[in-house]
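Asks: Just dropping this structure here.
Nothing in this text is a laboratory measurement; each read-out follows from the coordinates by a stated rule. Just so you know, these numbers come straight off a predicted model, no measurement behind them. Because the Cβ atoms are built from the backbone with ideal geometry, glycine has one as well, and the counts that use them run over all protein chains shown.
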Amino acid sequence: MDMRAFVVYTVLIWNSLVIAAQPELPTKVELDVTSGDINIQWDSVIGQNYQVEKSLTLEAGSWSQLGQGRAGSGSRQNLTDIGAATEPKSFYRIGCSVESMPHVQNWPSHNPTRTLLGVTFPANPRWSAGSMKQFPARAKSAAFDLVCSKPSSSAITLFEQTQDDNPKQIFMRVWPPIAYQGYDDSAGSKLSGLPFESTGTTTNGSAVFAGHWLYMGGRAELTAEATSTTTMLYASNLAAFPEVDPETGSYAVILDSADAWNTAEHVLIQSVNISEGTISIAPSGRGYKSTARARSVGSIVQMHQLMAGTDARGWGWNHATSCPVDGAGFKLNHIMAKIDASTFG
């Protein structure tokens, strides 16, 4: 008697959307013959449904369901095909799918068509989610096969739970493009954002290479020497220098020369006086998370580019392919990929 067990990969679809495209296939399927009957056994997974099907010929349309569908229990499942051992040959397959999520079926399958600033955006699937800022309840969060977020403590806790509900949910880590988020970040943390506590020749741990930040155009050049404690800098090209926030001040970097990143010093600028050619540094504003240095004529002053919120510390990262390499030869995106690989790989 020539008998084989065939396991097939099935996809469950609701509202024309693939909700569970990757159910976990049974890792072990066995057949045995007892008193003229064929017994089919397989390993099951909690949260998945199984349906055994049978064919005598393997021809298209010859498959029929054998028994009722079964919910996975986390242990061996068993189904008996009575009298099947007397047949010339039989073929079996087991289809599996992720358990139904009734709350999902009531959701519209697409967002409505919208017109913003004169541009019409077509309807789009709700399943194409960007970075989540506010998380829905656990039951609804589990409906997504793919979620994107910066991994704060609350997000990690939630998605550990939702991945129990939906084992095939994939969590994509999003790097916030700012210095730090405030949440649970500390030295050595790689949770919400890349920590920044010092300036170094490489981006490593909580030290950040100055060339990995994003800066605005309009460089100013010092026209007079300055000591490491000078808070009034004399400079040229201030007409092209970016406007300083009058309430919070604005952070900038000072370099001995263009691209001399190893000499970088971050400073907090209070104000700029174009007519007098001066840059006023806040008290204790020299050497912010970096080393204050004496500066010579021709040194460069360049403003940090903000990327999020109104906090003056919300500096943008340089994700460009032209980003300078640090002392270890890495651009910022290389560093982030290495951190992701070691932390989430």
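Asks: Which order do peptides 263-272, 82-91 fall in by mean Cβ count within 10 Å, highest first?
Replies: 263-272, 82-91
Asks: Only bridges with both residues in region 198-338 count here: give the DSSP antiparallel percent, nearest 5.
Replies: 90 percent
Asks: Same structure again: Please give the residues of region 219-259, grouped as numeric ranges, whose backbone N is less than 14 Å from a label point set 7 Å along the Cα-to-Cβ vector of residue 310.
Replies: Counting backbone N atoms under 14 Å from the label point, the list is 245-249.
Asks: Next up: What is the local net charge at residue 233, summed over the other residues whose Cβ is closer than 11 Å to its Cβ (Lys, Arg +1; Asp, Glu -1)?
Replies: 0
Asks: Hey, another quick one. Please list 3J(HN,Hα) in residue order for region 247-263, calculated via the Karplus relation 6.51 cos²θ - 1.76 cosθ + 1.60 where θ = phi - 60°; whole Hz, with x for glycine and proline.
Replies: Listing the rounded values in order: 8, 9, x, 9, 8, 9, 10, 10, 10, 5, 7, 4, 6, 7, 5, 6, 9 Hz.
Asks: Under the Karplus relation 6.51 cos²θ - 1.76 cosθ + 1.60, θ = phi - 60°, what is the ordered set of whole-Hz ³J(HN,Hα) values for region 50-58, x standing for Gly and Pro?
Replies: The phi angles translate into 10, 9, 7, 10, 9, 9, 9, 10, 6 Hz.
Asks: Take the residue pairs 89/168; 168/338; 54/168 and return only those whose Cα atoms are more than 31 Å apart.
Replies: In this structure, 89/168 lie more than 31 Å apart at Cα.
Asks: If you don't mind, there's one more thing I want to ask. Where Lys and Arg each count +1 and Asp and Glu each count -1, what net charge lies around residue 312 among other residues with Cβ under 14 Å from its Cβ?
Replies: -2
Asks: Sorted by packing (mean other beta-carbon atoms within 10 Å per residue), highest first, where do 299-305, 213-219, 68-74 land?
Replies: Final packing ranking: 299-305, 213-219, 68-74.
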